[in-house]
1. Working carefully through the options LEU46, LEU97, find the one that is surrounded by 15 or more Cβ atoms within 10 Å (Cβ to Cβ), away from the ligand (no atom under 14 Å from the Cβ) and not hydroxyl-bearing (Ser, Thr, Tyr).
2. Which condition does ARG106 not pass, out of (1) in contact (Cβ under 8 Å) with a residue 60 or more places away in the chain; (2) of a type outside the set (Asp, Glu); (3) within 9 Å of the ligand (Cβ to nearest atom), if it passes all the others?
3. ALA20 versus (1) farther than 16 Å from ASP6 by Cβ; (2) modelled with pLDDT of 95 or more; (3) in a helix (DSSP H, G or I): which is the lone unmet condition?
4. Of everything in the range 128-137, what is within 24 Å of GLU165 (Cβ to Cβ), in contact (Cβ under 8 Å) with a residue 60 or more places away in the chain and not small (Gly, Ala, Ser)? Give them in sequence order.
5. Name every residue in the range 150-200 that is of a type in the set (Lys, Arg), free of Cβ contacts under 8 Å to residues at least 24 places away in the same chain and under 15 Å from ALA122 (Cβ atoms), in order of residue number.
6. If I ask for residues that are surrounded by 13 or more Cβ atoms within 10 Å (Cβ to Cβ) and acidic (Asp, Glu), which ones from the range 204-254 would you list?
7. Mind counting the residues in the range 63-78 that are more than 10 Å from the ligand (Cβ to nearest atom) and surrounded by fewer than 22 Cβ atoms within 10 Å (Cβ to Cβ)?
8. Filter the range 150-165 down to the residues that are more than 15 Å from the ligand (Cβ to nearest atom) and part of a helix (DSSP H, G or I), then identify the one that is surrounded by the most Cβ atoms within 10 Å (Cβ to Cβ).
Amino acid sequence: MSSGVDCDLAILGCGTMGEAILAGAIRANVLDPRRVIVTARRPERLTELSERHGVYTSSHNAIAAARAPVSLLAVKPQIAREVLLDPDLQGSLDGRLLVSIAAGTRLEQLARWSPGAQLIRAMPNTPCTIGEGMTVLSPGSGSTPEHLLLVRRLFEAVGRVRVLEERHLDVVTALSGSGPAFACVVIEALADGGVMMGLPRDVAIELAAQTVQGAGRLVLQTGTHPSALKDSVTTPAGCTIAGLLTMEDGRIRSTLARTIQEAAQVASSLGGPSDEP
Ligand SMILES: NC(=O)c1ccc[n+]([C@@H]2O[C@H](COP(=O)([O-])OP(=O)(O)OC[C@H]3O[C@@H](n4cnc5c(N)ncnc54)[C@H](OP(=O)(O)O)[C@@H]3O)[C@@H](O)[C@H]2O)c1
């Protein structure tokens with residue numbers, strides 16, 4: 001391949017999240033795998049990505065970034081600084097769009113580490129893989145409305161998108177970024193109850209997952225407040241109110257709310273100190 005701009009997107013650090021976006025966007029026909037180049041650290045990971053998706057691969061971020069007008073930074077936040085401060089990469093990103101999904105890594109830090117790039121921060125989640133993602137975008141310095149539209153289109157192909165001010169991104173990271181893990185615990189716990197009462201495990205998981213999905217869709221599609229939907233299925237002296245009171249005894253509301261609070265606090269520190277050069 002030539003070393004010119006022959007790709008539409010470079011994914012720098014294509015791990016769990018990078019691959020979720022890649023797979024979802026290919027599935028939605030928004031990305032042509034033959035116009036995507038991805039990087040990772042381990043050669044076996046690159047082989048896996050090439051075989052699975054038919055994308056170009058490189059172990060050099062600078063080479064990948066030079067081949068596309070848009071780079072998606074998808075490495076762990078702890079190494080974002082080191083990756084961006086690579087002098088070769090800086091040259092490759094100058095005048096190009098850099099979209100960072102690194103949790104807790106602020107636009108101001110990205111601008112310091114990659115001063116020549118136009119910046120957008122994004123916080124997606126793993127359901128992007130199946131087109132059911134939730135992504136929040138925050139545009140940064142140098143990015144234009146056209147850039148935002150382009151990135152919006154990419155993420156809309158793999159789920160819902162909101163544009164919010166950057167000050168909300170730590171709580172977004174906790175709520176929708178980490179949220180799939182929290183929702184899986186809820187699904188697993190509901191299924192455990194089913195198993196306890198005699199359902200086979202696979203049936204219990206299917207029922208729990210489809211029920212959580214259905215309830216979520218009901219909230220989104222009807223626009224009805226969750227408490228109103230809950231009240232509508234709560235018959236006086238019935239089994240639903242009996243279960244709800246047990247949940248309240250276990251302080252499930254404050255436990256889940258504090259889960260988001262705690263995760264947001266940790267998210268805010270993932271990008272390292274803001275005075276680090
Ligand atoms: N996971 C989520 O649910 C989620 C949700 C929202 C946002 N995020 C954000 O997404 C980012 C990635 O998270 P993840 O869970 O996808 O992590 P991950 O699975 O560990 O992926 C990171 C990738 O970076 C690669 N890598 C490591 N050092 C590199 C380097 N110097 N140059 C190029 N690539 C390098 C790794 O390669 P190897 O595979 O070869 O080691 C790996 O493929 C994080 O910043 C996180 O905050 C994650």
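1. LEU97
2. The one condition ARG106 does not meet is (3).
3. (2)
4. Scanning the range 128-137 gives a single hit, CYS128.
5. ARG152
6. Scanning the range 204-254 gives a single hit, GLU206.
7. 3
8. ARG152
The values are calculated or read from the model by the stated rules, or taken from the named source; none is laboratory data. All values reported here derive from a predicted model rather than from experimental measurement. Cβ: placed from backbone, ideal geometry, glycine included. Neighbour counts: every protein chain shown.
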